[in-house]
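These notes concern the structure reproduced below.
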Amino acid sequence: MPDEAANIEPTLPDGEIVVGPWRLLLPRVYGFCGGVRHALHALEDALHRHPERQVWLLGDIIHNDTVNERFRRLGVRILENDHIDTGWTRASPEDLLVIPAFGLPLEVEQRVRESGLRPEQIVDTTCAYVKRVWTFVQDAAAQQRTILFHGTPGHPETRATLSRALTPQNAAILIPDPVAAEKVAAAIRLGSLADLTGCDVRNRDRVDLRRLAIANQTTMLCAETRAIENLVAAAVKAVGGDLRRAETLCRATQQRQDAALALCRRGCDLVLVLGGFASSNTTQLYRLAARHCPAYFIRNADAFTRHTIEHFRPETGKVENTSDWLPTLPGRIGLLAGASCPPDDVRAAVRKLQDILG
Ligand code: SF4
């Protein structure tokens, strides 16, 4: 597993920063996780050791535009999500292929590994926490269980894990949110697939509502994942079924959400959440913070001035501009950063806030 003890960036500011009558609050843990550090080091190492070779990245290395753009400038060819399945076949026999931290769908990974490239030409940066989920779902699939997977539709990790959760003999159901989970729980109690609105059912004719396993994407909202698991477990118990469950949230996600919750409970007038808009773990930090106070999900320090802020709303999938976003009276501003947010972005946001509030 990634070394989570190395999560806390020692040179980042910590705790509370006083800016005149304002207070900037920082959580105990934030920013890059061990899995992200591992992926970035592996890619940098490949570039360093093979400067003469073209490096292909099969999707974003992590969900952060600043980081991906830096690698693009270094000559790395990054395939868009829609082109991952076949785009890599354009690589020449001497090129390097890099599998990102989210992993690849099983059939794509198999084709890559059987393509004739030497093992040292394939750099696999898939996070160990993601692989732990794969082991669990593959084991459950081998037992022909129907796998319930709580994850974000379309996310590369969801695609990669679902591809391993399914065999010709079993089924899988993607549960995107608690509303869909209610439908699954009702289906289990009724023994009927009639209403699974909101769910994505794979191999429908193989669904077994009494022999199940439940897992989740590593970066979901912890409280929501637990609630979904408990809801399903109660339904399975009520019908005398059999449910396998495992801890499949990653430790870095839990640590950051615990720290974010503690920060929100210290009392904030608003919270800024820094990170890539496609980042699952950052989206969960935003959702968590928005339950406590006004929260703005921003890409980096360039997103705001004293008067306006450009921010992303995961609820609508839209980027918006808001004026007069700061509280009228000086107060407490919390700052959260996802596991894919570079330390430099956090420092830049702190400096900018010090500038505009000082
Ligand atoms: S957030 Fe978790 S699963 Fe994702 S790279 Fe970091 S440690 Fe791995």
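Key figures for this structure:
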read-out	value
In segment 54-70, the residues that are at pLDDT 95 or above and either in a helix (DSSP H, G or I) or open to solvent by 20 Å² or more (accessible area, probe 1.4 Å) (or both)	Gln54
Whichever residue in segment 102-125 is in a loop (DSSP other than H, G, I, E, B) and open to solvent by 10 Å² or more (accessible area, probe 1.4 Å) and, among such residues, is nearest to Thr219 (Cα to Cα)	Phe102
Test: residue in segment 223-243 that is assigned by TED's automatic domain parsing to the domain that holds Leu174, touching a His at 6+ places or on another chain (Cβ under 7 Å) and not aromatic (Phe, Trp, Tyr)	yes
In segment 237-250, the residues that are among the β-branched types (Val, Ile, Thr) and under 29 Å from Phe102 (Cβ atoms)	Thr248
Members of segment 1-14 that are modelled with pLDDT of 50 or more and within 13 Å of the ligand (Cβ to nearest atom)	Met1, Pro2
Leading residue by the ranking (nearest to the ligand (Cβ to nearest atom)) among those in segment 84-101 that are of a type in the set (D, E, K, R) and assigned to a helix (DSSP H, G or I)	Asp85
Which numbered condition Val271 fails, given (1) over 26 Å from Cys33 (Cα atoms); (2) under 22 Å from the mean Cα position of the chain (by Cα)	(1)
Conditions (1) within 16 Å of the ligand (Cβ to nearest atom); (2) of a type outside the set (Ser, Thr, Tyr); (3) not in a helix (DSSP H, G or I); number of the one not met by Leu285	(3)
Check on Leu47, within 16 Å of the ligand (Cβ to nearest atom) and either open to solvent by 20 Å² or more (accessible area, probe 1.4 Å) or in the same structural domain as Val112 (by TED's automatic domain parsing) (or both)	no
Filter result (assigned to a loop (DSSP other than H, G, I, E, B) and within 28 Å of the chain's Cα centre (by Cα)) within segment 322-358	Trp325, Gly338, Ala339, Ser340, Cys341, Pro342
Residue count for segment 137-176, restricted to those that are open to solvent by 20 Å² or more (accessible area, probe 1.4 Å), touching a Ser or Thr at 6+ places or on another chain (Cβ under 8 Å) and either assigned to a strand (DSSP E or B) or within 16 Å of the ligand (Cβ to nearest atom) (or both)	1
One residue from Pro294, Pro327, Pro343 being within 16 Å of the ligand (Cβ to nearest atom) and either out of contact with any helix residue (DSSP H, G or I) (no Cβ under 9 Å at 6 or more places or on another chain) or in the same structural domain as Arg70 (by TED's automatic domain parsing) (or both)	Pro343
Qualifying residue in segment 110-124 (condition: among the basic types (Lys, Arg), without any contact (Cβ under 8 Å) to a residue 24 or more places away in the chain and farther than 26 Å from Ala165 by Cβ)	yes
Boolean, Cys293 is more than 29 Å from Gln169 (Cβ to Cβ) and part of a loop (DSSP other than H, G, I, E, B)	yes
Residues satisfying the stated conditions in segment 23-44, i.e. within 13 Å of the ligand (Cβ to nearest atom) and either of a type in the set (Val, Ile, Thr) or within 30 Å of Arg266 (Cα to Cα) (or both)	Val29, Tyr30, Gly31, Phe32, Cys33, Gly34, Gly35, Val36, Arg37
Matching residues in segment 15-39 - criterion: being of a type in the set (Gly, Ala, Ser), buried (at least 16 other Cβ atoms within 10 Å of the Cβ) and at pLDDT 90 or above	Gly34, Gly35, Ala39
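The values are calculated or read from the model by the stated rules, or taken from the named source; none is laboratory data. All values reported here derive from a predicted model rather than from experimental measurement. So basically every Cβ, Gly included, is an ideal-geometry build from the backbone, and we count neighbours across all protein chains shown. The protein model used for the area step is the full one, side chains on, heavy atoms only, and it has no ligands, DNA or RNA in it. Shrake-Rupley method; radii C 1.70, N 1.55, O 1.52, S 1.80 Å.
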